[in-house]
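Everything on this sheet refers to the single structure shown next.
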Amino acid sequence: MSFFGFGQSAEIDIVLNDAETRKKAEHKSEDGRKDKYFLFYDGETVSGKVNVTLKYHGKRLEHNGIKIEFIGQIELYYDRGNHHEFVSLVKDLARPGELTQSQTFDFEFTHVEKPYESYTGQNVKLRYFLRAAVSRRLNDISKEQDIVVHTLSTYPELNSSIKMEVGIEDCLHIEFEYNKSKYHLKDVIVGKIYFLLVRIKIRHMEIDIIKRETTGTGPNIYHENDTIAKYEIMDGAPVRGESIPIRLFLAGYEMTPTMRDINKKFSVRYYLNLVLIDEEERRYFKQQEITLWRKGDIVRKSMSHQAVIASQRFEGSSNQEKPRSQSHNEDDS
């Protein structure tokens, strides 16, 4: 904006170099709306152009410098005045001076560390964005462009099954078993429930997937539980010796990888909650944490050395299962 309508002003536009070919990912905003953003991974280079377009032909624009920043930050909704930046990179595009015509500036942030997944939750937001600014004496001209970051993992080396019991002395004894404790976001939870002793009348049983978001530290800790999925196991009374199979497909639900103690600001954990309801509406439940991770298969020239090694490890483990061609996309299986 110009001061009292006089003088020169400009519009800023940020264009990524690979905008035409780079994959986009859906991401939810604070108001619940879903938009698509350019998708990046840890270690990838972020490069492009900043276009500064003067609004009035023939007038010059005096400035105190032009720069672009790459920022990763966490915002806690109860502390909106403070943005906690865990990545902050700056490139100076022009020294103080003046623009007499519209101009384009190239920028490149090489092998940028992006350690955490983009996340918008009940009480916290983790975002990455580019911010270009023309610094001026009275008011800066700036433009922000958000991107989305996904964190990819390799197959867990240890992935033991989960076995638990639910029991009420002399009334109920149930064992349930899940095939593993760590699942990728498009995985299938496979399990079985065994009824060893049933002396109360159970009329309904379900498995819930619960997301627990924890923010804050010390006395200022907030927990938000959100039921992501409900899976009805049975509707009716089981008998002793009966076993019921479980197959719960995760691909249809909106979930992120498990996020533990992110920058000492927040965590996102997932739980399987087994719920039994008897004929008198009494509820019995048992909860077990599971780990979710994002399965991927990417190799890019601009990735960091560590990211390349991680991708090669993943390729080795997936190729043992089935041969497949190299891909730059997240694995849909």
Any chance you could count how many residues in the stretch 283-305 are farther than 13 Å from SER153 by Cβ and either modelled with pLDDT under 80 or open to solvent by less than 100 Å² (accessible area, probe 1.4 Å) (or both)? 13
Can you tell me which residue within the stretch 143-162, out of those that are at pLDDT 85 or above and surrounded by fewer than 14 Cβ atoms within 10 Å (Cβ to Cβ), is nearest to ILE174 (Cα to Cα)? SER161
Every residue from the stretch 74-89 that is open to solvent by 10 Å² or more (accessible area, probe 1.4 Å), at pLDDT 95 or above, of a type outside the set (Phe, Trp, Tyr) and farther than 30 Å from GLN101 by Cβ: GLU85, VAL87, SER88
In the stretch 21-36, anything more than 22 Å from ASP106 (Cβ to Cβ) and in contact (Cβ under 8 Å) with a residue 12 or more places away in the chain is listed as LYS23, LYS24, ALA25, HIS27, LYS28, SER29, GLU30, LYS36
Does at least one position in the stretch 122-140 carry a residue that is in contact with a helix residue (DSSP H, G or I) (Cβ under 9 Å, 6 or more places away or on another chain) and either loosely packed, with under 13 Cβ neighbours inside 10 Å or not assigned by the TED database to the domain that holds ILE14 (or both)? yes
Could you pull out every one of the strands (runs of 3 or more DSSP E) wholly within the stretch 51-147 that has 1 or more residues that are within 19 Å of the chain's Cα centre (by Cα)? 66-76, 83-94, 124-134
ASP261 is checked against (1) closer than 17 Å to ASN123 by Cα; (2) touching a residue at least 24 places away in the same chain (Cβ under 8 Å) and fails just one. What number does that condition carry? (2)
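Each row is one residue, and each column tells you yes or no for (1) of a type outside the set (Ser, Thr, Tyr); (2) outside the structural domain of ILE68 (by the TED database); (3) farther than 26 Å from GLY241 by Cβ.
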site	(1), (2), (3)
ILE168	yes, yes, no
LYS186	yes, yes, yes
ILE189	yes, yes, no
TYR194	no, yes, no
ILE209	yes, yes, yes
GLU213	yes, yes, yes
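The values are calculated or read from the model by the stated rules, or taken from the named source; none is laboratory data. As the structure is a computational prediction, the values presented were derived from the model and not from experiment. Neighbour counts run over all protein chains shown; Cβ positions are idealised from the backbone, glycine included. What goes into the accessible areas is simple: the full protein's heavy atoms, side chains included, and nothing from ligands, DNA or RNA. Shrake-Rupley method; radii C 1.70, N 1.55, O 1.52, S 1.80 Å.
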